[in-house]
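Structure first, commentary second.
The values are calculated or read from the model by the stated rules, or taken from the named source; none is laboratory data. Here the structure is a predicted model, which means the values were calculated and not measured. As a convention, Cβ positions derive from the backbone with ideal geometry for all residues, glycine included, and neighbour counts pool all protein chains shown.
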Amino acid sequence: MSSDDDCPTPEELANRLQYSARLASVGKLAASAAHEINQPLNVIRMAAFNLRRAIQKDTLDAESALQKLERIDTQIARAARLVGGMKAFSPTNTEATTNINPTEALTTALELMAKRFTSADIEPIHSVEDTTDNRTENSSEGSSKDKHQTIQASPAAFQELVVHLLDNAIEAYGEAPQRNPLLEEEGLPPRWVKVVETVQAQQLTITIEDAAGGVAPEIADRAFLPFVTTAEDGSHAGLGLTVCASLAASMGGAVTLTRTELGSKATVSLPLSGNA
């Protein structure tokens, strides 16, 4: 028989439920990350096999060998980056804060979730906006200015915040494929998630936008409250955005959700810590 002392307080119960929601998100991420990490490992294995075969047949060409070794180095760096992104979710990293390059962290998060995007037939679009001279550059090239802007935060908190919001955008599309004439006219894919970084003054703004139709205004207004969800089958507890609000607040920032013409947009505002 349990006593009153065994009953959790409302605050303890809320913390347990939020922790469960965070574990569920990490579980989805782990499945996608395993697929992405396997890709560089397969490339490394094939390059090593070709090198070994060339040595055995005494047909090793120095230039070809150097190219294969360079390919191995590149794939090792990619695997290390992905593993580092997963390590950010370790319980030991929840409190420690450091200077984070948001562009690099967002790129890693998108890589880790690549399988989730592919499985849902959704195209991620990541860009960096330089508001100082009105230039917009793709994140793969980066801006010489934005590339060095950092935030002071826990790597676990930042990665978890981003992954939750990306997962929320993916889930918004549901199972069925969608066609939107407005998107087709603009040459955009029918299912996409746009991630845009903007640096202005001493603030970093990250928007994560989808074209999944959006949520009803009454839901958007209460989206960050516990147990608010559009899932009617009980598959989602409605704590993901509550966790996001808590994570953003822990970094001195905030997150909002608005309805757009095509879907929904989550906006994260975080203070910059300076240049790395």
Across (1) loosely packed, with under 14 Cβ neighbours inside 10 Å; (2) in contact with a helix residue (DSSP H, G or I) (Cβ under 8 Å, 6 or more places away or on another chain); (3) modelled with pLDDT of 60 or more; (4) of a type in the set (A, V, I, L, M), A201 clears everything bar (2)
Is there any pair with a first residue in region 139-158 that is more than 12 Å from T97 (Cα to Cα) and crowded, with 16+ Cβ neighbours inside 10 Å and a second that is at pLDDT below 50 and among the aromatic types (F, W, Y) whose Cβ atoms are under 8 Å apart and which are 6 or more apart or on different chains, and what are they?
none
Six or more apart or on different chains, Cβ atoms under 9 Å: show the pairs whose first residue is in region 46-64 and closer than 21 Å to Q75 by Cα and whose second is exposed (fewer than 10 other Cβ atoms within 10 Å of the Cβ) and among the basic types (K, R).
none
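Could you look through region 163-198, keep only residues that are small (G, A, S) and not in a helix (DSSP H, G or I), and pick out the one that is modelled with the highest pLDDT? First the steps, then the outcome.
First, the residues of region 163-198 that are small (G, A, S): 169, 172, 174, 176, 187.
With the extra rule that they be not in a helix (DSSP H, G or I), the set shrinks to 174, 176, 187.
Values: G174: 77, A176: 49, G187: 62.
Out of the qualifying residues, it is G174.
Could you check how many residues of region 221-249 are modelled with pLDDT of 75 or more, polar (S, T, N, Q) and either closer than 25 Å to I122 by Cα or in contact with a strand residue (DSSP E or B) (Cβ under 8 Å, 6 or more places away or on another chain) (or both)? Break it down into steps so the answer makes sense when it comes.
Step one: list which residues in region 221-249 are modelled with pLDDT of 75 or more, which gives 241-249.
This time we only want the ones that are polar (S, T, N, Q), so: 242, 246.
Checking which are either closer than 25 Å to I122 by Cα or in contact with a strand residue (DSSP E or B) (Cβ under 8 Å, 6 or more places away or on another chain) (or both) leaves us with 242.
Result for region 221-249: 1.
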